[in-house]
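First the structure, in the form of structure tokens, and then the observations on it.
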Amino acid sequence: MKALYTAATGMNAQQTRLDNIANNLANVNTTAYKKQSAAFEDLFYEEVESNGGPEAQKVQVGGGVKLASTNRDFSGGALVKTSSALDFAIEGEGFFALETVEGEARYSRDGSFRTDSDGVLVNSQGLRVAGDISVPEEHNGLVLKEDGTLAALSIDGSGEEILGQLELVRFTNPGGLEALGGNLYMQSEASGDPQVLELGTTTNVRQYYLEGSNVDIASELIGMIEAQRAYELTSKVVQAADENLQTAVNLRR
């Protein structure tokens, strides 16, 4: 019975939507997390034979639904004040450029940086910030300038030492980036090539701040209720199809 299989695709779709909502809610406090949404599309249509003439409209019956894609929303999250001079938040578009030990490029919105044993600026996983910015052991504070230049104030107050510049990049289609976990993204064919961003125009970096997630808890809870109700309704179709089959079996007795 076609209704059984069609309803099953609907139940699978709502389960996928619920899984996606669960992931968003689980990351509500994850630094710079960007919420995802599931997009669905209808399956092929079966043409049902009709008694109409050649000009009669075709009669088609759909085959259900399937997952088409998951879309990531890169809108900005709320800024959270911190006490660390190595915490940075991006206002606007863009990503921090990072490098693995093998020299492969990675990108992130998470600006919670620290220094490694060599004094080089790295992220929480030890990936170096592009440009190999080294922070001296002794200084009187770190200052981030509007153009992204990071400077260390001398202990005696006589001046400052330029340490390097935070490199930010943008993508034509950030939704095409491949998520790797750990707040990291990797370039893909869909995202396009990275383009260096000039700070002070549409993008700024705030020191002593981190970007929070952009998950809206109320919207996610509403979506969860919708997914639950849709799942229940689709399961009713399975029950109705089963009752029809049971009736057909009883007719033969």
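Can you give the helix-only mean residue ellipticity at 222 nm for the chain, where every DSSP H stretch with n ≥ 4 adds -39500 (n - 2.57) and the sum goes over all residues, rounded to the nearest 500 deg cm²/dmol?
It comes out at -8500 deg cm²/dmol, rounded to the nearest 500.
List the residues whose amide H sits under 5 Å from the amide H of L163, counting only those 5 or more places along or on another chain, with H placed 1.01 Å from N in the peptide plane.
For L163, the qualifying residues are L150, A151, A152.
Kindly flag which residue pairs out of K2/K236; K2/K66; K2/K58; K35/K145; K2/K35 have an alpha-carbon separation exceeding 24 Å in this structure.
Flagged as over cut-off: K35/K145; K2/K35.
With θ set to phi - 60° and the Karplus curve 6.51 cos²θ - 1.76 cosθ + 1.60, what are the ³J(HN,Hα) couplings of the stretch 17-32 in order, to the nearest whole Hz, using x for Gly and Pro?
Ordered by residue, 3J(HN,Hα) equals 4, 5, 4, 5, 5, 4, 5, 4, 5, 5, 9, 4, 10, 7, 4, 6 Hz.
Hey, what do the phi angles of the stretch 221-227 turn into as Karplus ³J(HN,Hα) couplings, whole Hz, using 6.51/-1.76/1.60 and θ = phi - 60°, x for Gly and Pro?
Going residue by residue, I get 5, 5, x, 5, 5, 4, 5 Hz, with x marking Gly and Pro.
If you build a Gaussian network model of the chain, linking Cα atoms that sit under 10 Å apart, which residue out of E211, E243, E198 swings the most?
E243
Would you grab the residues whose amide H sits under 5 Å from the one on L168? Only those 5+ places off in sequence or on another chain, please, with H modelled 1.01 Å from N.
Those qualifying (amide H under 5 Å, at least 5 residues apart or on another chain) are L197.
Starting from the amide H of Y208, placed 1.01 Å from N in the peptide plane, find each other amide H under 5 Å away whose residue is 5 or more places distant or on another chain.
D87
Every number here is computed from the coordinates shown, using simple stated rules; none is lab data. Just so you know, these numbers come straight off a predicted model, no measurement behind them.
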